[in-house]
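The values are calculated or read from the model by the stated rules, or taken from the named source; none is laboratory data. Worth saying up front: this structure is predicted, and the values here are computed from it rather than measured. Glycine gets a Cβ as well: all are built from the backbone with ideal geometry, and neighbour counts include every protein chain shown. Only protein heavy atoms, including side chains, enter the accessible area calculation; ligands, DNA and RNA are left aside. Shrake-Rupley method; radii C 1.70, N 1.55, O 1.52, S 1.80 Å.
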Amino acid sequence: MEKYKNYIDATIFLVIFFILLNITSYLFVPKNNLEEFGMEQITANGVLGEKENTIDILFLGDSEVYTSIIPMEFFNDYGITSYVCGTSGQRLYDSYRFLEAALEYQNPKMVVLETNAIYRKYTLMSAIQAKSKLLFPVIKYHDRWKHLSINEFGGDINYTWTDDNKGYIKKDQIAASLNPNYMEKEEGYKNIMPLNYRQVVSIKNICDQKGIKFMLMSSPSSINWNYQKHNGIKRLADNLDVPYIDLNLIDSLKIDWAVDTLDKGDHLNYTGALKVSKYMGAYFHELGLFDNHFADPVYSDWHKALDNYKKRV
(Lines give C-alpha, C1' and ligand atoms only; values in the text may rest on other atoms or scores of the structure.)
Protein backbone atom coordinates (compact mmCIF):
# COMPACT_ATOMS: atom_id res chain seq x y z
CA MET A 1 0.00 0.00 0.00
CA GLU A 2 2.85 2.35 0.89
CA LYS A 3 4.37 1.64 -2.54
CA TYR A 4 1.22 2.75 -4.37
CA LYS A 5 0.98 5.87 -2.19
CA ASN A 6 4.50 6.82 -3.24
CA TYR A 7 3.54 6.39 -6.91
CA ILE A 8 0.46 8.59 -6.43
CA ASP A 9 2.46 11.26 -4.60
CA ALA A 10 5.10 11.26 -7.35
CA THR A 11 2.42 11.56 -10.04
CA ILE A 12 0.74 14.47 -8.28
CA PHE A 13 4.11 16.19 -7.85
CA LEU A 14 4.91 15.82 -11.57
CA VAL A 15 1.49 17.10 -12.62
CA ILE A 16 1.85 20.18 -10.39
CA PHE A 17 5.44 20.68 -11.58
CA PHE A 18 4.45 20.65 -15.27
CA ILE A 19 1.48 22.96 -14.61
CA LEU A 20 3.84 25.45 -12.96
CA LEU A 21 6.28 25.11 -15.87
CA ASN A 22 3.49 25.95 -18.31
CA ILE A 23 2.31 28.96 -16.29
CA THR A 24 5.79 30.40 -15.78
CA SER A 25 6.66 29.73 -19.42
CA TYR A 26 3.74 31.86 -20.54
CA LEU A 27 4.86 34.66 -18.23
CA PHE A 28 8.50 34.53 -19.30
CA VAL A 29 8.17 34.03 -23.07
CA PRO A 30 8.78 37.29 -25.01
CA LYS A 31 5.48 38.96 -25.91
CA ASN A 32 7.08 40.77 -28.86
CA ASN A 33 9.89 39.85 -31.24
CA LEU A 34 12.06 42.81 -30.29
CA GLU A 35 15.33 42.51 -28.42
CA GLU A 36 14.10 44.67 -25.53
CA PHE A 37 11.38 42.07 -24.90
CA GLY A 38 14.00 39.33 -24.56
CA MET A 39 13.69 37.90 -28.06
CA GLU A 40 16.85 36.26 -29.36
CA GLN A 41 18.03 36.02 -32.99
CA ILE A 42 15.74 38.88 -33.89
CA THR A 43 16.70 39.07 -37.57
CA ALA A 44 15.58 35.50 -38.23
CA ASN A 45 12.60 35.91 -35.90
CA GLY A 46 11.50 38.98 -37.86
CA VAL A 47 9.40 36.57 -39.90
CA LEU A 48 7.01 36.43 -36.93
CA GLY A 49 6.15 40.10 -37.48
CA GLU A 50 5.17 39.67 -41.13
CA LYS A 51 1.49 39.91 -42.08
CA GLU A 52 -0.16 36.52 -41.84
CA ASN A 53 0.08 34.30 -44.92
CA THR A 54 2.14 36.73 -47.00
CA ILE A 55 5.38 34.75 -47.34
CA ASP A 56 5.78 32.57 -50.44
CA ILE A 57 9.17 30.98 -49.69
CA LEU A 58 10.85 30.30 -46.36
CA PHE A 59 14.60 29.69 -46.22
CA LEU A 60 16.25 27.79 -43.37
CA GLY A 61 19.92 27.30 -42.59
CA ASP A 62 23.07 28.83 -41.21
CA SER A 63 25.13 31.87 -42.22
CA GLU A 64 25.61 30.45 -45.72
CA VAL A 65 21.96 31.22 -46.49
CA TYR A 66 21.67 34.65 -44.86
CA THR A 67 24.72 35.88 -46.80
CA SER A 68 23.60 34.33 -50.11
CA ILE A 69 19.86 35.01 -50.51
CA ILE A 70 18.43 38.52 -50.96
CA PRO A 71 14.61 38.34 -50.73
CA MET A 72 14.21 41.94 -51.91
CA GLU A 73 15.65 40.95 -55.30
CA PHE A 74 12.95 38.29 -55.71
CA PHE A 75 10.27 40.83 -54.88
CA ASN A 76 11.72 43.54 -57.11
CA ASP A 77 12.04 41.23 -60.13
CA TYR A 78 9.05 38.90 -59.78
CA GLY A 79 6.85 40.05 -56.89
CA ILE A 80 7.77 36.87 -54.96
CA THR A 81 7.92 37.23 -51.17
CA SER A 82 10.40 35.27 -49.06
CA TYR A 83 12.11 35.31 -45.70
CA VAL A 84 15.49 33.95 -44.59
CA CYS A 85 15.37 32.33 -41.15
CA GLY A 86 19.13 31.86 -41.06
CA THR A 87 21.32 31.97 -37.95
CA SER A 88 25.03 31.46 -37.33
CA GLY A 89 25.90 27.82 -36.74
CA GLN A 90 22.26 26.76 -37.11
CA ARG A 91 21.65 23.11 -36.31
CA LEU A 92 18.83 21.17 -37.89
CA TYR A 93 16.77 21.08 -34.71
CA ASP A 94 16.93 24.90 -34.80
CA SER A 95 15.83 24.83 -38.46
CA TYR A 96 12.84 22.72 -37.44
CA ARG A 97 12.04 25.13 -34.60
CA PHE A 98 12.13 28.16 -36.90
CA LEU A 99 9.89 26.35 -39.37
CA GLU A 100 7.34 25.42 -36.70
CA ALA A 101 7.26 28.97 -35.34
CA ALA A 102 6.88 30.54 -38.79
CA LEU A 103 4.09 28.14 -39.77
CA GLU A 104 1.95 29.45 -36.93
CA TYR A 105 1.56 32.66 -38.96
CA GLN A 106 2.56 31.78 -42.52
CA ASN A 107 1.52 29.28 -45.17
CA PRO A 108 4.42 29.35 -47.65
CA LYS A 109 4.30 27.44 -50.90
CA MET A 110 7.92 26.36 -50.55
CA VAL A 111 10.52 25.75 -47.86
CA VAL A 112 14.20 25.73 -48.85
CA LEU A 113 16.82 24.18 -46.57
CA GLU A 114 20.43 25.27 -47.12
CA THR A 115 22.52 22.14 -46.90
CA ASN A 116 25.60 23.20 -44.91
CA ALA A 117 23.66 22.61 -41.68
CA ILE A 118 23.01 19.00 -42.73
CA TYR A 119 26.67 18.23 -42.12
CA ARG A 120 26.87 20.07 -38.78
CA LYS A 121 27.26 17.63 -35.91
CA TYR A 122 25.19 17.70 -32.74
CA THR A 123 24.30 15.29 -29.97
CA LEU A 124 20.98 13.75 -29.06
CA MET A 125 21.21 15.47 -25.67
CA SER A 126 21.57 18.91 -27.24
CA ALA A 127 18.50 18.19 -29.38
CA ILE A 128 16.53 17.10 -26.30
CA GLN A 129 17.58 20.24 -24.44
CA ALA A 130 16.49 22.38 -27.39
CA LYS A 131 13.11 20.59 -27.48
CA SER A 132 12.67 21.14 -23.74
CA LYS A 133 13.26 24.87 -24.19
CA LEU A 134 10.69 24.89 -26.99
CA LEU A 135 8.07 23.09 -24.88
CA PHE A 136 8.84 25.09 -21.73
CA PRO A 137 10.26 28.52 -22.68
CA VAL A 138 10.90 29.35 -19.02
CA ILE A 139 13.96 27.09 -19.27
CA LYS A 140 15.37 29.33 -22.01
CA TYR A 141 14.15 32.68 -20.68
CA HIS A 142 14.55 32.09 -16.93
CA ASP A 143 16.81 35.14 -16.57
CA ARG A 144 14.06 37.46 -17.83
CA TRP A 145 12.59 37.93 -14.36
CA LYS A 146 15.12 40.75 -13.88
CA HIS A 147 13.63 42.70 -16.78
CA LEU A 148 9.96 41.77 -16.83
CA SER A 149 7.54 44.70 -16.63
CA ILE A 150 4.10 44.53 -15.05
CA ASN A 151 2.56 44.95 -18.52
CA GLU A 152 3.98 41.62 -19.65
CA PHE A 153 2.17 39.60 -17.00
CA GLY A 154 -0.90 38.14 -18.64
CA GLY A 155 -0.33 40.12 -21.83
CA ASP A 156 -0.98 38.66 -25.26
CA ILE A 157 1.82 37.81 -27.65
CA ASN A 158 1.96 40.46 -30.37
CA TYR A 159 4.91 40.33 -32.75
CA THR A 160 5.29 43.72 -34.42
CA TRP A 161 8.80 43.91 -35.90
CA THR A 162 10.15 42.64 -39.18
CA ASP A 163 13.42 43.14 -41.01
CA ASP A 164 13.45 45.28 -44.18
CA ASN A 165 16.05 42.89 -45.65
CA LYS A 166 13.83 39.92 -44.75
CA GLY A 167 16.64 38.03 -43.04
CA TYR A 168 19.43 38.78 -45.51
CA ILE A 169 22.57 40.21 -43.89
CA LYS A 170 24.55 42.38 -46.28
CA LYS A 171 28.34 42.11 -46.27
CA ASP A 172 30.59 44.22 -48.50
CA GLN A 173 34.05 43.04 -47.46
CA ILE A 174 36.29 41.36 -50.04
CA ALA A 175 38.84 38.66 -49.26
CA ALA A 176 39.68 36.35 -52.17
CA SER A 177 39.30 32.58 -51.89
CA LEU A 178 42.49 30.54 -51.64
CA ASN A 179 40.84 27.51 -53.27
CA PRO A 180 38.75 28.51 -56.32
CA ASN A 181 38.96 24.97 -57.81
CA TYR A 182 37.28 23.31 -54.84
CA MET A 183 34.60 21.49 -56.87
CA GLU A 184 36.79 19.06 -58.77
CA LYS A 185 34.76 15.92 -59.42
CA GLU A 186 35.29 13.08 -56.93
CA GLU A 187 33.85 9.62 -56.43
CA GLY A 188 32.15 8.64 -53.20
CA TYR A 189 30.08 10.76 -50.86
CA LYS A 190 30.25 12.26 -47.39
CA ASN A 191 27.99 10.43 -44.97
CA ILE A 192 25.16 12.26 -43.24
CA MET A 193 24.78 11.57 -39.51
CA PRO A 194 21.64 9.52 -38.70
CA LEU A 195 20.41 12.27 -36.34
CA ASN A 196 20.70 14.84 -39.12
CA TYR A 197 19.09 12.55 -41.67
CA ARG A 198 16.08 12.00 -39.41
CA GLN A 199 15.79 15.72 -38.75
CA VAL A 200 15.70 16.50 -42.48
CA VAL A 201 12.98 13.86 -42.83
CA SER A 202 11.05 15.56 -40.01
CA ILE A 203 11.30 18.92 -41.79
CA LYS A 204 10.09 17.32 -45.03
CA ASN A 205 7.25 15.59 -43.20
CA ILE A 206 5.91 18.81 -41.70
CA CYS A 207 6.05 20.37 -45.18
CA ASP A 208 4.20 17.38 -46.66
CA GLN A 209 1.52 17.62 -43.99
CA LYS A 210 0.97 21.30 -44.83
CA GLY A 211 1.09 20.82 -48.60
CA ILE A 212 4.35 22.81 -48.85
CA LYS A 213 6.99 21.95 -51.44
CA PHE A 214 10.38 21.23 -49.91
CA MET A 215 13.77 21.54 -51.58
CA LEU A 216 17.48 21.55 -50.78
CA MET A 217 19.96 24.22 -51.85
CA SER A 218 23.75 24.44 -51.48
CA SER A 219 25.14 27.99 -51.42
CA PRO A 220 28.50 28.67 -53.06
CA SER A 221 31.32 28.18 -50.55
CA SER A 222 34.85 27.20 -51.49
CA ILE A 223 35.67 26.46 -47.84
CA ASN A 224 32.61 24.49 -46.73
CA TRP A 225 31.70 22.58 -49.89
CA ASN A 226 33.19 19.86 -52.07
CA TYR A 227 32.07 17.20 -54.50
CA GLN A 228 31.72 14.45 -51.92
CA LYS A 229 29.35 16.63 -49.91
CA HIS A 230 27.45 17.33 -53.14
CA ASN A 231 27.17 13.58 -53.75
CA GLY A 232 25.91 13.01 -50.20
CA ILE A 233 23.17 15.64 -50.52
CA LYS A 234 22.26 14.44 -54.02
CA ARG A 235 21.77 10.95 -52.61
CA LEU A 236 19.64 12.37 -49.77
CA ALA A 237 17.52 14.40 -52.23
CA ASP A 238 16.99 11.32 -54.42
CA ASN A 239 15.96 9.23 -51.40
CA LEU A 240 13.46 11.87 -50.28
CA ASP A 241 12.35 12.66 -53.84
CA VAL A 242 12.90 16.40 -53.43
CA PRO A 243 14.56 18.94 -55.76
CA TYR A 244 18.18 19.86 -55.12
CA ILE A 245 20.16 22.79 -56.52
CA ASP A 246 23.90 22.91 -55.91
CA LEU A 247 24.89 26.47 -56.76
CA ASN A 248 28.54 25.46 -56.55
CA LEU A 249 28.07 23.66 -59.89
CA ILE A 250 26.15 26.39 -61.76
CA ASP A 251 28.68 27.81 -64.22
CA SER A 252 26.29 30.51 -65.40
CA LEU A 253 26.45 32.12 -61.93
CA LYS A 254 30.00 33.20 -62.75
CA ILE A 255 31.01 33.48 -59.11
CA ASP A 256 34.39 35.21 -59.08
CA TRP A 257 36.21 33.90 -56.04
CA ALA A 258 38.62 36.82 -56.21
CA VAL A 259 35.91 39.42 -55.50
CA ASP A 260 32.58 37.74 -54.59
CA THR A 261 33.53 36.41 -51.15
CA LEU A 262 33.98 38.34 -47.93
CA ASP A 263 36.17 35.87 -46.04
CA LYS A 264 38.36 33.83 -48.40
CA GLY A 265 35.58 31.63 -49.72
CA ASP A 266 33.51 30.83 -46.63
CA HIS A 267 30.63 33.24 -47.35
CA LEU A 268 29.53 35.42 -50.25
CA ASN A 269 29.58 39.19 -50.06
CA TYR A 270 26.92 41.41 -51.64
CA THR A 271 28.14 41.00 -55.23
CA GLY A 272 28.14 37.21 -54.85
CA ALA A 273 24.74 37.18 -53.15
CA LEU A 274 23.32 39.33 -55.95
CA LYS A 275 24.39 36.74 -58.54
CA VAL A 276 22.85 33.91 -56.50
CA SER A 277 19.62 35.84 -55.91
CA LYS A 278 19.19 36.75 -59.58
CA TYR A 279 19.64 33.10 -60.52
CA MET A 280 17.32 31.73 -57.82
CA GLY A 281 14.70 34.41 -58.50
CA ALA A 282 14.53 33.32 -62.14
CA TYR A 283 14.39 29.67 -61.02
CA PHE A 284 11.44 30.30 -58.69
CA HIS A 285 9.66 32.40 -61.30
CA GLU A 286 9.98 29.65 -63.92
CA LEU A 287 8.38 27.12 -61.56
CA GLY A 288 5.08 28.98 -62.02
CA LEU A 289 4.07 28.39 -58.39
CA PHE A 290 4.08 31.96 -57.16
CA ASP A 291 1.81 34.94 -57.80
CA ASN A 292 3.30 38.34 -58.56
CA HIS A 293 2.42 40.49 -55.52
CA PHE A 294 4.17 43.63 -56.74
CA ALA A 295 0.97 45.56 -57.50
CA ASP A 296 -1.08 44.06 -54.65
CA PRO A 297 -1.88 46.71 -51.98
CA VAL A 298 -1.71 44.02 -49.29
CA TYR A 299 2.06 44.09 -49.83
CA SER A 300 2.52 47.85 -49.54
CA ASP A 301 4.96 47.35 -46.65
CA TRP A 302 7.20 45.40 -49.00
CA HIS A 303 7.54 48.48 -51.21
CA LYS A 304 8.71 50.50 -48.21
CA ALA A 305 11.21 47.75 -47.41
CA LEU A 306 12.32 47.68 -51.05
CA ASP A 307 12.93 51.42 -51.04
CA ASN A 308 15.04 51.08 -47.89
CA TYR A 309 16.95 48.16 -49.42
CA LYS A 310 17.73 50.14 -52.59
CA LYS A 311 18.99 53.08 -50.55
CA ARG A 312 21.38 50.82 -48.67
CA VAL A 313 22.80 49.09 -51.76
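Annotations
- Too-long pairs where the Cα-Cα distance tops 29 Å, listed order kept, from Lys210/Lys264; Lys121/Lys166; Lys204/Lys304: Lys210/Lys264; Lys204/Lys304
- The stretch between Glu52 and Thr271, if pulled fully straight at 0.36 nm per residue, gains 75.7 nm over its current Cα-Cα span.
- Within segment 239-293, chymotrypsin sites (Phe, Trp or Tyr not before Pro) in DSSP loop having at most 12 other beta-carbon neighbours inside 10 Å: none
- For Trp257, distant residues with modelled amide H under 5 Å away: none
- Average accessible surface area per residue within segment 200-313, 1.4 Å rolling probe, Å²: 47 Å²
- Amide H contacts of Val111 (H built 1.01 Å from N, under 5 Å, at least 5 apart or other chain): Leu58, Lys213, Phe214, Met215
- Karplus 3J(HN,Hα) series, Hz, for segment 281-291 with 6.51 cos²θ - 1.76 cosθ + 1.60 (x for Gly, Pro): x, 5, 4, 5, 4, 5, 5, x, 8, 10, 6
- Largest to smallest accessible area among Glu52, Glu64 [probe 1.4 Å]: Glu52, Glu64
- For Ile206 and Lys278, the difference between the fully extended length at 0.36 nm per residue and the C-alpha to C-alpha distance is 23.1 nm.
- Here the spin labels are modelled as points 7 Å beyond Cα on the Cα-Cβ line, and at Lys185 and Asn107 they lie 4.5 nm apart.
- Estimated FRET transfer efficiency when R0 is 30 angstrom, pair Asp307-Ala258 (beta carbons, to 0.05): 0.40
- Taking a ≥ b ≥ c as the square roots of the Cα gyration tensor eigenvalues, segment 186-313 comes out oblate, since a/c reaches at least 1.5 and a/b does not exceed b/c.
- Segment 159-247, relative contact order [Cα under 8 Å, separation at least 6], %: 36 percent
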